[in-house]
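Only one structure is covered here, and it is reproduced in the block below.
The values are calculated or read from the model by the stated rules, or taken from the named source; none is laboratory data. Everything numeric in this text was worked out from a predicted model, so none of it was measured. Cβ placement follows ideal geometry from the backbone for every residue including glycine, while neighbour counts extend to all protein chains displayed. Just so you know, the surface numbers come from the protein's heavy atoms only, side chains and all, with ligands and any DNA or RNA stripped out. Shrake-Rupley method; radii C 1.70, N 1.55, O 1.52, S 1.80 Å.
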Number of protein chains: 2
Amino acid sequence: MTRPRPKTRIQIKNTRAILEAALEVFSQHGFRGSTVDQIADAAGLSKPNLLYYFPSKEAIHLELLAGLMDTWLAPLHQLNTDGDPVDEIVGYVLRKLAMARELPRESRLFANEIVQGAPRIIDQIEGDLRDLVDEKCKVIRDWIKQGKLADVDPYHLIFSIWATTQHYADFDAQVRGILHPKKDAHFADAAEFLENFYRRALAVS
Amino acid sequence: MTRPRPKTRIQIKNTRAILEAALEVFSQHGFRGSTVDQIADAAGLSKPNLLYYFPSKEAIHLELLAGLMDTWLAPLHQLNTDGDPVDEIVGYVLRKLAMARELPRESRLFANEIVQGAPRIIDQIEGDLRDLVDEKCKVIRDWIKQGKLADVDPYHLIFSIWATTQHYADFDAQVRGILHPKKDAHFADAAEFLENFYRRALAVS
DNA sequence: GTCTATAAGGTGATAGAC
DNA sequence: GTCTATCACCTTATAGAC
């Protein structure tokens, strides 16, 4: 029941192995579709041993989501008030696209959770995430007022950036199915498309 | 085992009730997260009675996906070679957004399936869907050659349209969480944002 | 056509030996 | 800390009465 406190090297190693395995399994099958057995196998532990480290399947899922929130929000955090507005937005788009390429499992973990109504994460969405988005939307509004950016709704701009970039991680199976056998390394094409697209759409005319 | 062939009124009614209930349940919890019990309850039938109409849970899921493919593809089908290119693309965007508003369950049904690797639908993606996309991408390429549209990769343009519009259905929980309590009817704002956005990005300069 | 009852196997979690 | 064994429950699907 009580989790081990004074962490030995082996405890740290096993905890990490469990979280890594859980990310792999949860991102692929969703919470309900994943079994403790699968995670234990992937982590190289027995089921009871895994449940010695975490009290329940839900506890693993929660720790994963909470632990990844910072990584998830980092690219938006970096949006810099003092930079060139269009460059800043494009930079955000490209950072987010890089994250979809490098951390697709993390993206799908969140996608699975949100598509199903975000039951285990709604508090974080209406907390840290909303606060950060509100803050950055004010910055974008200022840029627009100063005539440095086309007049667009900042919230829907951010939604569009999330949608277009995460699409390449979350709907990877579809993207590959459509592009196959034409293209393999489609991320470079996506980056070029998105950069040009956002530059054209956001430039003041 | 054998499904009823000469369909009586009650059989038609029950089959429809099952598919309607299955759409509700599958779109909310995914395939693995849904139980036959839930679907039977939602359809107002007993579990054995439901399994008299469909041989298995998977059969219901398959019939749902196959039956919705046409609806799913209709907005892209309507893309008209002879229309004004920018208007045609914007029209497609708005039809797709309207579909996200009016048929969010259908959108989430596909989203759940694709996020998890599209195991039960990959053939349709690499079949009908890919053929249609290939066809329409040729049309878009022609428009670009004729100088009627900005030079963009047509495949990634279509991906961006899917992403930005379906986002409002698939990630509804997040959109509401961010916008709450500011806005309720955000679809009108989304439509305005997307129309202006695609017009600016696609106009020849 | 619809029901009750139940088979058959999976699943989260625990007990207790080592 | 880790294991084997097991419990209690859930879930898909079927059998057979009505």
Discussion item. Looking at A:I12, A:I89, A:I39, A:I18, can you tell me which residue is more than 14 Å from chain B (Cβ to nearest Cβ), away from DNA strand D (no atom under 12 Å from the Cβ) and β-branched (V, I, T)?
Written reply: A:I39
Discussion item. Testing A:K57 on (1) under 19 Å from the mean Cα position of the chain (by Cα); (2) within 14 Å of chain B (Cβ to nearest Cβ), one condition comes back false. Which one is that?
Written reply: (1)
Practice prompt. With the condition kept exactly as written, say whether any residue in the range A:167-175 is without any contact (Cβ under 8 Å) to a residue 24 or more places away in the chain, facing chain B (nearest Cβ under 10 Å) and over 29 Å from B:V133 (Cα atoms).
Written response: no
Item to complete: All but one of (1) of a type in the set (S, T, N, Q); (2) away from chain A (no Cβ under 14 Å); (3) within 16 Å of DNA strand C (Cβ to nearest atom) hold for B:Q78, so report the exception by its number.
Response: (3)
Worksheet item: Across the range A:196-205, what is the number of residues that are without any contact (Cβ under 8 Å) to a residue 60 or more places away in the chain and among the small types (G, A, S)?
Response: 2
Practice prompt. Report, ordered by the first and then the second residue, all pairs with beta carbons closer than 9 Å, sequence separation of six or more or different chains, a first member in the range B:177-195 that is more than 8 Å from every other protein chain (Cβ to nearest Cβ), and a second member that is surrounded by 17 or more Cβ atoms within 10 Å (Cβ to Cβ) and of a type in the set (G, A, S).
Written response: B:F187/B:A100
Worksheet, complete the sentence: Of the candidates B:L97, B:L64, the one satisfying the condition of being modelled with pLDDT of 95 or more, within 16 Å of DNA strand D (Cβ to nearest atom) and under 30 Å from A:A118 (Cα atoms) is B:L64
Worksheet item: What number of residues in the range B:129-166 are facing another protein chain (nearest Cβ under 9 Å), more than 16 Å from B:A201 (Cα to Cα) and more than 18 Å from the chain's Cα centre (by Cα)?
Response: 1
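The rows are residues; the columns are (1) among the hydroxyl-bearing types (S, T, Y); (2) within 15 Å of DNA strand C (Cβ to nearest atom); (3) assigned by TED's automatic domain parsing to the domain that holds A:E106.
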residue	(1), (2), (3)
A:I10	no, no, no
A:R16	no, no, no
A:E20	no, no, no
A:L23	no, no, no
A:G33	no, yes, no
A:S46	yes, yes, no
A:M69	no, no, yes
A:W72	no, no, yes
Worksheet item: A:S46: of a type in the set (G, A, S) and either more than 14 Å from DNA strand D (Cβ to nearest atom) or within 14 Å of another protein chain (Cβ to nearest Cβ) (or both), yes or no?
Response: no
Practice prompt. Have a look at B:D189, B:D184, B:D172 and point out the one that is open to solvent by 10 Å² or more (accessible area, probe 1.4 Å) and over 17 Å from A:P154 (Cα atoms).
Written response: B:D172
